[in-house]
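Taking it in order: structure first as structure tokens, then the write-up.
The values are calculated or read from the model by the stated rules, or taken from the named source; none is laboratory data. Keep in mind the model is a prediction, meaning the values are calculated, not measured. Note that each Cβ is placed from the backbone with ideal geometry, even for glycine, and that neighbours are counted across all protein chains shown. Protein only, heavy atoms only, side chains kept; ligands, DNA and RNA dropped before computing areas. Shrake-Rupley method; radii C 1.70, N 1.55, O 1.52, S 1.80 Å.
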Amino acid sequence: MIKINPKYEYMRRWIENIPDIFEKEGTTIYKGRNKIKVFTTSDGQVANVKRYHIPSGPNKFVYSWGIRKPKGQRAFEYPDIMLKKGISTPEPIALIEQRGFLNLLGFSYFISIQCDYGHTLYEMGDATPEEYEGMAIALGKFAANMHEKNIMHKDFTPGNILWEKDNQGYHFTIVDINRMYFGNVELKKGVINLTRLWGPKRFIELLVTEYANARHFNVDAALNIAMPARARFWRRFQKKHKLKFTLEL
């Protein structure tokens, strides 16, 4: 099954070949359960191709038989919702689903325009005040705007927020958007959504403060929810994982 954004119908022949060329061509930028590669087409278009792993166990039936939308399908459909509301995310090109016996889902390929923003929020891990203060203010406003438009990334983590800075300020785009929430984002849900970001304690405090101000929430109430939630999350996290930044609690 292939779905193509009408804007990129001219790329159909290349899109149809993706399952055959995925392992042989392109440049790998991420490899885990899923794999992401960057391709440059013959007409110079730079595309990002994410291959989702084959579902196993109960998920094979959940995703195959329409009980829940497969991750690739969500990644293909959600950008339309976000872009129409002015929230930046890479434009989708196509979705490929490979199906087998009993219509069971195999590999899925989500193809999008490659974002040229060169930074992620991992860079805020041990940032200095000079590096993080402007970022915290800009990101707080961005997150507030997104939540005010009833859009929340359920995996709002450093690698899923790409950014660039120019003479007009900071610009953000959201990636890996198959896990989204569309609906009212109240105070507690909104500020807890910000607590899994890397960075000094003061960075998160500034971020939450700007977010609360932008949404006309009580700042003290927002901080009283966010900062203990941040501490709980990272205490649990560091019991199982080695942190790659200095954690201030």
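Taking Cα centre as origin and charging only the Cβ of basic (Lys, Arg, +1) and acidic (Asp, Glu, -1) residues, the dipole magnitude of the chain rounds to 1340 debye. Working note: Karplus 6.51/-1.76/1.60 with θ = phi - 60° gives the range 24-30 the couplings 9, 10, x, 10, 6, 10, 7 Hz, where Gly and Pro are set to x.
Excluding ligands, DNA and RNA, the accessible surface per residue across the range 1-111 is 55 Å² with a 1.4 Å probe. Given the pairs Lys50/Lys239; Lys7/Lys71; Lys60/Lys242; Lys154/Lys242; Lys24/Lys85; Lys3/Lys60, which are separated by over 27 angstrom at their Cα positions? Too far apart for the 27 Å limit: Lys50/Lys239; Lys60/Lys242; Lys24/Lys85.
Neighbours of Ile96 by Cβ distance under 12 Å: Lys/Arg scored +1, Asp/Glu scored -1, total +2. Dipole orientation for the chain: of the candidates Phe237, Gly32, Tyr63, Tyr63 has the Cα lying most toward the positive pole (charges on Cβ; Lys, Arg +1; Asp, Glu -1). Computed with a 1.4 Å probe on the full set of protein chains, the accessible area for Leu187 sits at about 40 Å². Measuring with a 1.4 angstrom probe and ignoring ligands and nucleic acids, Thr209 comes out at about 40 Å² accessible. Pull out a ≥ b ≥ c, the square roots of the eigenvalues of the alpha-carbon gyration tensor of the range 104-200, then state rounded if a/c is under 1.5, prolate if not and a/b is larger than b/c, and oblate in the remaining case. Oblate is the answer for the range 104-200, as a/c is 1.5 or above yet b/c matches or exceeds a/b. Averaged over its residues, the range 143-193 has an accessible area of 42 Å² per residue, based on protein heavy atoms and a 1.4 Å probe. Pairs of Cα atoms under 8 Å, at least six residues apart: use those to get the relative contact order of the chain, whole percent. Normalised by residue count, the contact order of the chain is 16 percent. Shown in residue order for the range 145-151 are the 3J(HN,Hα) couplings computed by the Karplus curve 6.51 cos²θ - 1.76 cosθ + 1.60 at θ = phi - 60°: 4, 5, 5, 4, 8, 6, 10 Hz (x for Gly and Pro).
How far, in degrees from 0 to 90, does helix 201-214 lean away from the longest principal axis of the Cα atoms of the chain, to the nearest 10? Relative to the chain, helix 201-214 is tipped by roughly 80 degrees. Amide H to amide H distances under 5 Å link Thr89 with Ile174, where only residues 5 or more positions off or on other chains count and H is placed in the peptide plane. Answer rounded, prolate or oblate for the range 138-249, using the Cα gyration tensor with square roots of eigenvalues a ≥ b ≥ c: rounded when a/c is under 1.5, else prolate when a/b is larger than b/c, else oblate. Rounded shape, in that the Cα axes give a/c under 1.5.
Step through the table entries Lys69/Lys149; Lys201/Lys244; Lys141/Lys189; Lys165/Lys188, compare each Cα-Cα distance with 25 Å, and write down the pairs that go over it. In this structure, Lys165/Lys188 lie more than 25 Å apart at Cα. When a 1.4 Å probe is rolled over the protein heavy atoms, the share of accessible surface on the chain that falls to carbon and sulfur comes to 50 percent.
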